[in-house]
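**Student:** The following block contains the structure, expressed as structure tokens.
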Amino acid sequence: MNKKNKDNILAEIVKKTKLHFFRSVFKNYHASSLSLGESMILEVIEYLERPSINDLVKFLYMSQPNVSYRINVLQEKGYVTKNKSVEDARITHIILTDKYFSYKRKKNELTARVLRNVENKLDEKEREYLYENLDLVNRELEKELREFLR
């Protein structure tokens, strides 16, 4: 692998997975009934792990009425549920449903298939090394994202 490829390998992987994601969203637009924006909001909800409406307002830089409207639409479509906090009834957490996770599995078929294909080309030690390094990349991305979100 030449230096240029090394410098851009993560960007290339991200680009290809995003292209697959966008195409799958548009291809299945009528079947899933999700818009691209709704798909992205679901991804944010998953990343934030049971966020409140207020968490989404802060993260997405959207107004509270706009976020509430979008969450209500996603709830009507069956992708999320709302759960009032026991400690503070003013706080509503957004929970992803089985319908979302089924949609996500379909959306992630490409990456799962690619990883299976790569695993089949590696011996056990190489697979272990691959996942250790992918985990390292994931942790670094997580750290960068946490810094960015501050």
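**Student:** Restricting to the stretch 80-94, count the residues that are at pLDDT 95 or above and open to solvent by less than 40 Å² (accessible area, probe 1.4 Å).
**Tutor:** Result for the stretch 80-94: 2.
So that you can scan it fast, the table gives a plain yes or no per residue for (1) at pLDDT 90 or above; (2) open to solvent by less than 40 Å² (accessible area, probe 1.4 Å); (3) outside any loop (DSSP other than H, G, I, E, B); (4) over 25 Å from Leu134 (Cα atoms):
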position	(1), (2), (3), (4)
Leu19	no, no, yes, no
Val25	no, yes, yes, yes
His30	no, no, yes, yes
Gly37	no, yes, yes, yes
Val57	yes, yes, yes, yes
Gly78	yes, yes, no, yes
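**Student:** Further, regarding this structure: Ser68 fails exactly one of the following numbered conditions: (1) within 28 Å of Asn138 (Cβ to Cβ); (2) more than 14 Å from the chain's Cα centre (by Cα). What is the number of that condition?
**Tutor:** (1)
**Student:** Filter the stretch 137-150 down to the residues that are of a type in the set (A, V, I, L, M) and closer than 16 Å to Ile13 by Cα, then identify the one that is most open to solvent (accessible area, probe 1.4 Å).
**Tutor:** Leu141
**Student:** Moving to a separate point now. Return the residue satisfying two criteria in turn: it lies in the stretch 116-136 and is open to solvent by less than 60 Å² (accessible area, probe 1.4 Å) and assigned to a helix (DSSP H, G or I), and of such residues it is nearest to Asp55 (Cα to Cα).
**Tutor:** In this case the residue turns out to be Asn133.
**Student:** Enumerate the pairs (first residue in the stretch 87-105 and farther than 15 Å from Gln75 by Cα; second residue anywhere and assigned to a loop (DSSP other than H, G, I, E, B) and of a type outside the set (D, E, K, R)) with beta-carbon separation below 8 Å, excluding pairs fewer than 6 apart on the same chain, so at least 6 apart or on different chains.
**Tutor:** Once the first residue is farther than 15 Å from Gln75 by Cα and sits in the stretch 87-105, its partners that are assigned to a loop (DSSP other than H, G, I, E, B) and of a type outside the set (D, E, K, R) give Ile91/Ser85.
**Student:** OK, next. Which of the residues that make up the stretch 105-115 are open to solvent by less than 80 Å² (accessible area, probe 1.4 Å) and assigned to a helix (DSSP H, G or I)?
**Tutor:** Listed by number, the residues that qualify are Lys107, Leu110, Thr111, Ala112, Val114, Leu115.
**Student:** Go through the stretch 93-125 and report how many residues are over 15 Å from Ile41 (Cβ atoms) and either polar (S, T, N, Q) or within 17 Å of the chain's Cα centre (by Cα) (or both).
**Tutor:** Count: 12.
**Student:** Can you tell me which residue within the stretch 45-55, out of those that are over 19 Å from Ser102 (Cβ atoms) and part of a helix (DSSP H, G or I), is farthest from the chain's Cα centre (by Cα)?
**Tutor:** Among those residues, the one meeting the criterion is Asn54.
The values are calculated or read from the model by the stated rules, or taken from the named source; none is laboratory data. Not measured: the values here are computed from a predicted model. Note that each Cβ is placed from the backbone with ideal geometry, even for glycine, and that neighbours are counted across all protein chains shown. Accessible surface is based on the protein model in full, side chains and every heavy atom, while ligands, DNA and RNA are left aside. Shrake-Rupley method; radii C 1.70, N 1.55, O 1.52, S 1.80 Å.
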